[in-house]
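To start, the structure itself, in C-alpha cells.
The values are calculated or read from the model by the stated rules, or taken from the named source; none is laboratory data. Predicted model, so just to flag it, every value in this text is computed and none were measured. Please note: Cβ atoms are built from the backbone with ideal geometry, for glycine as well, and neighbour counts cover all protein chains shown.
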Amino acid sequence: MKTLAMLLLLAGSAAAQTLEKRVTAAPDGSVRFSFAAQPGVYGDGRNSISWGCRDGDCRHRQTSDWKEYRDEWTEPCDSGPVRVALTKSGGRITNLRVYVGGEWRPSTTATDLGMVGTKDATSYLLGLAARDDSRISEKAIFPAVLADSVTIWPDLLKLAKNDQVSRKVRRSAVFWLGQAAGDAATKGLTDLVDDGNQDREVRESAVFALSQRPRDEGVPVLIRIARDNKDPELRRKAIFWLGQSDDPRALSLFEELLTKP
C-alpha cells in the first residue's frame, strides 16, 4: 500500500509540473512529448502534415525532411496526436521536429514526457518562440497552431508586435495569424498594418496574411488598405494581392483608381 501511495504521489507531482520545468529537468538528448490535435489536422506519422481538412479536402499541407531522425517514427496516417521531438545539448534546445499521427518508436536514450495538455504545450512552445534567438523559435510556432481547444491568436499577436524577438519570428507569427485565426485575428492583422511604428516587413507580412483569409474577411480590408493607408508600398502590396483574388470588388477598385482624376 505504501508503494502504491508513493507512486500515486509521484504521478500527481509530475502532472503538476509545467511542461517547461519537465523539459528543463530532462537530460541532454532527445526529449519527446505529444498533445491532442485540433479537428482537421492529419499526418502520416513522419514528414507530412495537413490541416484545414474537411470532407477529404485539405487546404494546407507541409512536408519536412526528417530522414536522419527516421528511427523516431512509424508510418500510419492519423488525425493526431501532434508529436514534438526536441534535441537538447548543453541544456539548450538545439532542434525541434513535429509530427502528426503514428507513434514513437521505442528508444533507450530519448526522454518521453508522454501526452501533455494542449494549454501547457502551447504555453511552452510559444514561450520558446518568444525567448529563443535561433531558428528553433520559428519552428516552435507551427506545432502550437495545431493544438486542439486552445485560443492562441492573442499570443501570436503579441509575438508579432514584440520588437524584442527576431523579425523572422514576428513574420512567422503574422503568417499563422492569417492561417489559423478567424474574425478576431483579422481585426488584429488590420491593426498591425495600420500601426506605423511597426517594422515594414512585419506590416507587409500582415497584408499577405490578410490575402490568405476567406474573401469576405480579407478582401474588404485589403481594399481599405489600398485606398487609405498612408504607406504607398503597403498600398501597392494590397493591390497586388487583390489582383490575385479574382474578386469583382477588386476590379471595381482598380477601375476607380484608374479613372479618378
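In the set 74, 94, 63, which member is in the same structural domain as residue 38 (by TED's automatic domain parsing), modelled with pLDDT of 90 or more and on the phi < 0 side of the Ramachandran plot?
Exactly one residue qualifies, and that residue is 94.
Here's the yes/no breakdown for (1) of a type outside the set (Ser, Thr, Tyr); (2) within 24 Å of residue 51 (Cβ to Cβ); (3) in a helix (DSSP H, G or I); (4) in contact with a helix residue (DSSP H, G or I) (Cβ under 6 Å, 6 or more places away or on another chain):
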| site | (1), (2), (3), (4) |
| --- | --- |
| 171 | yes, yes, yes, yes |
| 206 | yes, yes, yes, yes |
| 225 | yes, no, yes, yes |
| 237 | yes, no, yes, yes |
| 240 | yes, no, yes, no |
| 249 | yes, no, yes, yes |
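State yes or no: is residue 245 over 27 Å from the mean Cα position of the chain (by Cα), hydroxyl-bearing (Ser, Thr, Tyr) and surrounded by fewer than 20 Cβ atoms within 10 Å (Cβ to Cβ)?
So residue 245 does not fit the description; no.
Select from region 30-51 the residues that are within 20 Å of residue 63 (Cβ to Cβ), within 16 Å of the chain's Cα centre (by Cα) and part of a loop (DSSP other than H, G, I, E, B) and list them in ascending order.
Once the filter is applied, which keeps residues that are within 20 Å of residue 63 (Cβ to Cβ), within 16 Å of the chain's Cα centre (by Cα) and part of a loop (DSSP other than H, G, I, E, B), region 30-51 yields 38, 40, 41.
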